[in-house]
Amino acid sequence: MHILSFFLTLLLVAGPQSIIPRPVDYTTGQGQLVYSDNVQVKVKVADRKFISETKDLPEWSKEGAYRLTIGKKGIEIVSVTETGAFYAHQDLVQMRAVSDTLQYCVITDWPRFGYRGLMLDISRNYGDKEWIFKEMDAMALLKMNVLHIHLVDGAGWRIQIDSYPELTRKTAWRIGETYEEWTKSGGRYSEEGAPGASGGYLTKEDCKEIVARAAELHMEVIPEIEFPGHSNEALVAYPELACEDAAGNKVFNSDMCPSNPATYKFFESVIDEVIELFPSKMIHIGGDEASRSAWKNCPHCQALMKKEGFTNVAQLQSYMNHRMAEYLKSKGRRLLGWDEITHGGLPDDAVVMMRETEDGKKPTPHGHDIILTPDTHCYFNYPQDAPFKVPAAFATYLPLKVAYDFDPMESWVKPEDRHHVLGVQCCLWTEYSPAGEYSEYLLYPRAFATAEIGWSPRERCSDYADFRERALVLLDTFKDMGYGTFDLANEYGDRYEATHPVRHLAVGKPVKYAEGHGWDTYWYPSTGETALTDGLFGTWSFKDRRWQRFYCDIDVTIDLEKVMPIHYIGATFLSQRIHSVAFPVKVEMFVSKDGKDFGKCGESTYRMRDEAQVTGDYMDFGAPVNVEARYVRFVAHRDSAPGHSALQIDEIVVN
C-alpha cells in the first residue's frame, strides 16, 4: 500500500491551477520540474529593469506584486519588495503540498486590496500566543496581511496594562471554562490565581513576540480596545469609570461614562501602552453596540450635552470618538472603529469597519476610508451547514458559497466612494468556539474565500465551482498541517425546500395584513406584501430576504380570488432563540367564502421546549382541512415568555 501511494504521488503534477488566492495571471508550459534540495530558487527583489518593461506598471507598484517562473533552469522569483517574494514562496508551498513535481509555469500576481484581514476574538474565549501564531501561519499561506485582535470585551480583558493592573487581575479570569459556561453561570469574574479560575491574557512580552512574528510574515497586527461599550469588565475593575444616577449612585451597565474625566485618562493611558507594543497605523477602538442607556439619566452627561448643545446621546459618543481620534492623531495613529462610530458625526481621519451596508441600511460614510466586513458574508462564527449537521454556532447560516459570493464593490459601495475601500476582513467571534480545533473548523475553508476576494481581481474569483475544487485541495493541505477544518466534501447544503419555487393555490394571491400586525419592513422586508405567497421557501438563513419577521402576532388573510376546495393550510416557522425568535404557541386557520363570515377550520399548537435553539430550528405548523372557500385567514400567536419577541415565517401554503 505504501509503495502504491508513493507511485501515485509521483504521477501528481502540481500547478498554479489549484492556488488560493487565484493569481491575476498564469501560463503553463510543457514539462515539469521535480523539486529537490538541488533546485535553485533565484530571487530578485526590486528589479527595476523588469518593472520598467512590464505593461502593468501601476499594478507592479503595489506592495506584494511578484512574478514566479518555474522552468528548466529552476525557479525564479522577481518582485518589487521582499513582501512580493514572500508571497511567491506561498505559491510554492501550496503547490509542493500537492506534489513535488511542479508544472512549468509563469505566475504574475499582485493584490487587489492593500488590506486583507482576519479578526480573532480572544475575549469571549481566550486564545493564547501559540494559537495566534498558528492562525497567523495560515493567514500567511493565504496572503492575508492584517491580523485584527479583539483584545477586550465584557467577557474578559486580555492584555497586560501596567497602569491599570486590576484589569487583568480581576477580569481576565472567570468561573467557567468557556464563554457559554460563563454566561450560563451568571457571568461571574474571578481573580488571577483563584481556585477554579479560567482564562488568561497576553503579557507585553507575548504582544512583542506576536508583532515580531507578524513582521516575519509580512503582516500587520491591529489591536482593538473597546470604548465606550462592551466595557463591563473595565467597570468591574475600575468602578469610577461608570456613570452616576441623580442620587450619586454608580450605574453599572456595559458603557463607560462620556462625561467623566477618568474615562479619558483611562483611554489615554491604555492607548499609550498599546501603541508602544503595536506599531500598526490604525488602532481599533470598537465603538459598537454602546447601549447609552445610563447616559440619559446621568446628571454629568446631561450637563455635558447642555454645554455642547447636543440633542441626543449619540452625539455624546461622537464627542468621545473625536477626543479619541485627536489623541491617536497626536501619536501618529488613525482611529478605526465599527460602523456605529458614524452615529452623531465622524472624526475626519477615522476609518470605518462596515458590517451592515447592504441596501443602504447603513450607508457608506462619504469621504472616509472603509474596510468591508459584512456579517452576511464575513462573520464566521455563524454556522456553515444545515443546523442539524453542525455544532452550536451563533446566528444564521453562512455557507462557503455565500462567503465567496461577496463582491466588495458591486451593490455595496457607491461608485464615487470605491477608492475609499481599503479592503476586506473576515471575523471570528468566539461565543461558541474556544481557541483550537473548533475555531479552525469555523474559519477554514471560509477564510479561503475572504482571502481570494481580497487578493484576486473580481473576474478571477467569480466561479464558485472552480473555487470549491481548489478549496478541497487546500483543505487537505491544512489537515496535514494540523488544522481543524470543516468537512466540505460532505457538505449537506441549503434547505432543500428553498432550492426551487413551490406551487400551491395561494401563490401570487394578494395578502391583507390585519391592522397592527405588520412585519419588520426595515431589516426583514422579504419581498414585501407578496412574501407569504411568492412561492419561495426560506433558506437556513433568517437573513436571506425570504423570511418575514413579526414583532407581534401574525394575522393575515389571503384572497384566493375564487371559491375552491382546500385540503391543507400551513406554514414553516423559524426559531432562533439567541435572537429572541421563537415558534408560535398556537396557529389557527379560518376560512370564508365572502370575506366577512369566517369559520375556524384548523389549529396547530406547540409546547415550548426548555432548551434554546442556538443554530436554528424549523417547524411546520399546519392542518389538513376539507372545506370550500375563497378567503384564508392565518393567525399565529406568540408566547409571552422571555426570548419570544419575534416570529419568523416564509410561506403560507394552501392546497
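The values are calculated or read from the model by the stated rules, or taken from the named source; none is laboratory data. In this text the structure is predicted, and so the values were computed from the model without any measurement. Neighbour counts are summed over all protein chains in view; Cβ atoms, including those assigned to glycine, are modelled from backbone coordinates with ideal geometry. Note: accessible area is taken over every heavy atom of the protein model, side chains too, but ligands, DNA and RNA are not part of it. Shrake-Rupley method; radii C 1.70, N 1.55, O 1.52, S 1.80 Å.
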Exercise for the section: With unit charges on the beta carbon (Lys/Arg positive, Asp/Glu negative), name the residue among H567, S580, S592 whose Cα is farthest towards the positive pole of the charge dipole of the stretch 564-651. Expected result: S592
Problem - Evaluated over the stretch 412-525, the Cα radius of gyration and Dmax, each in Å - result: 20.4, 60
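Using the C-alpha atoms of the stretch 515-655, what convex hull volume per residue, in cubic angstrom, is computed? Show your work: numbers first, answer last.
Values: hull volume 14.6 nm³, N = 141.
Given the Cα convex hull of the stretch 515-655, per-residue volume reads 104 Å³.
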Handout entry: Radius of gyration and Dmax over the Cα atoms of the stretch 274-313, both given in Å
Key = 15.3, 39
Fill in the blank from the handout: Compactness summary of the stretch 216-285: radius of gyration and Dmax from Cα atoms, Å, are 14.7, 55
Fill in the blank from the handout: For the chain, whose charge dipole is built from +1 on Lys and Arg Cβ atoms and -1 on Asp and Glu Cβ atoms, the candidate among Y551, Y104, L147 with its Cα farthest towards the positive end is Y104
Fill in the blank from the handout: Sorting T342, A237, Q302 by the position of each Cα along the dipole of the stretch 221-374 (Lys, Arg +1; Asp, Glu -1; all at Cβ), the one nearest the positive end of that ordering is Q302
Practice task
Starting from the residue with the highest accessible area, list S640, S645, S592 in decreasing order, probe 1.4 Å.
Solution key: S640, S645, S592
Fill in the blank from the handout: Checked against a 29 Å limit on the C-alpha separation, the offending pairs among K42/K331; K170/K204; K543/K586; K143/K170; K73/K401; K250/K307 are K42/K331; K143/K170; K73/K401
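Excluding ligands, DNA and RNA, what is the solvent-accessible area per residue of the chain at a probe of 1.4 Å, expressed in Å²?
Using a 1.4 Å probe on heavy atoms only, each residue of the chain averages 41 Å².
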Fill in the blank from the handout: Toy charge model, Lys and Arg Cβ at +1, Asp and Glu Cβ at -1: the chain dipole around Cα centroid in debye, rounded to 20, equals 700
Fill in the blank from the handout: On each of the three principal axes the extent of the alpha-carbon atoms of the stretch 137-199, given in whole Å and largest first, is 42, 31, 18
Exercise for the section: Calculate how many DSSP beta bridges within the stretch 70-166 are antiparallel, expressed in % of all such bridges and rounded to the nearest 5. Expected result: 50
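Tally the DSSP beta bridges in the stretch 148-271 and give the antiparallel ones as a percent, rounded to 5. Numbers along the way, then the final one.
Values: 8 of 12 bridges.
Of all bridge pairs located within the stretch 148-271, approximately 65 percent are antiparallel.
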Practice task
Can you work out the PRE-style zone for M619? Point 7 Å along Cα to Cβ, and I want the residues of the stretch 579-595 with backbone N under 14 Å.
Solution key: 581-588
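Once you list every other residue whose beta carbon is under 12 Å from the beta carbon of F252, what net charge do they have if Lys and Arg are +1 and Asp and Glu are -1? Can you show the working numbers first?
On the way: positive: K250; negative: E233, E240, E244, D245, D255.
Result for the neighbourhood of F252: -4.
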Handout entry: Kirkwood estimate for the stretch 485-532, i.e. one over the average of 1/r between Cα atoms, Å
Key = 14.2
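Residue separation times 0.36 nm, minus the C-alpha to C-alpha distance between F252 and H300: what's the value?
Details: separation 48, 0.36 × 48 = 17.28 nm, distance 1.53 nm.
Length gained, F252 through H300: 15.8 nm.
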Completion exercise
Binned at 5 Å from zero, the C-alpha pair distances of the stretch 90-199 give percents of 2, 10, 15, 16, 13, 11, 9, 7, 6, 6, 3, 2, 0
Fill in the blank from the handout: Relative contact order of the chain (C-alpha contacts under 8 Å, at least 6 apart) in percent is 11
Exercise for the section: Run the quick spin-label model on D288 and N626: label points 7 Å from Cα toward the beta carbon, then report their separation in nm to one decimal. Expected result: 5.5
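Only bridges with both residues in the chain count here: give the DSSP antiparallel percent, nearest 5. Show your work: numbers first, answer last.
Values: 68 of 107 bridges.
Antiparallel bridges: around 65 percent, rounded to the nearest 5.
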Completion exercise
Largest-first ranking of T28, T342, T430 by accessible area, probe 1.4 Å, whole protein assembly kept, is T28, T342, T430
Fill in the blank from the handout: Long-range alpha-carbon pairs in the chain, meaning those over 46 Å apart, account in percent for 27
Handout entry: Those residues of the stretch 409-446 whose amide nitrogen sits under 11 Å from the label point placed on K281, 7 Å along Cα→Cβ
Key = 422-423
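What is the magnitude of the charge dipole of the stretch 397-512 about its Cα centre, with +1 placed on the Cβ of each Lys and Arg, -1 on the Cβ of each Asp and Glu, and no other charges, expressed in debye to the nearest 20?
Working: 13 positive and 19 negative charges, 126 e Å.
Charge dipole, the stretch 397-512, about its Cα centre: 600 debye, nearest 20.
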Exercise for the section: Pull out the extension gain between E216 and E82, defined as 0.36 nm times the separation in residues minus the alpha carbon to alpha carbon distance; nm, one decimal. Expected result: 47.2 nm
Completion exercise
Distance in nm between E356 and A392 label points, each 7 Å along Cα→Cβ, equals 2.4
Exercise for the section: Would you mind checking the stretch 226-242 for residues with the amide N under 18 Å from a putative spin-label position 7 Å along Cα→C-beta of K307? Expected result: 241-242
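Per DSSP helix of 4 or more residues, -39500 (n - 2.57); summed, then divided by the residues of the chain. What does that give at 222 nm, rounded to the nearest 500? Don't skip to the end; give the middle numbers.
Details: 17 runs with 168 residues, N = 655.
My calculation for the chain gives -7500 deg cm²/dmol from helical runs alone.
Beyond 27 Å, how much of the Cα-Cα pair distribution for the stretch 240-369 remains, as a whole percent? Working shown, then result.
Details: 1772 of 8385 pairs.
Considering the stretch 240-369, 21 percent of its Cα-Cα pairs are separated by more than 27 Å.
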Fill in the blank from the handout: Bounding extents of the stretch 336-451 in its principal axis frame from Cα atoms, largest first in Å, are 44, 25, 22
Exercise for the section: Pull up the cross-link candidates among the lysines for K479, meaning alpha carbon to alpha carbon under 17 Å and not fewer than 8 places away within one chain. Expected result: K134
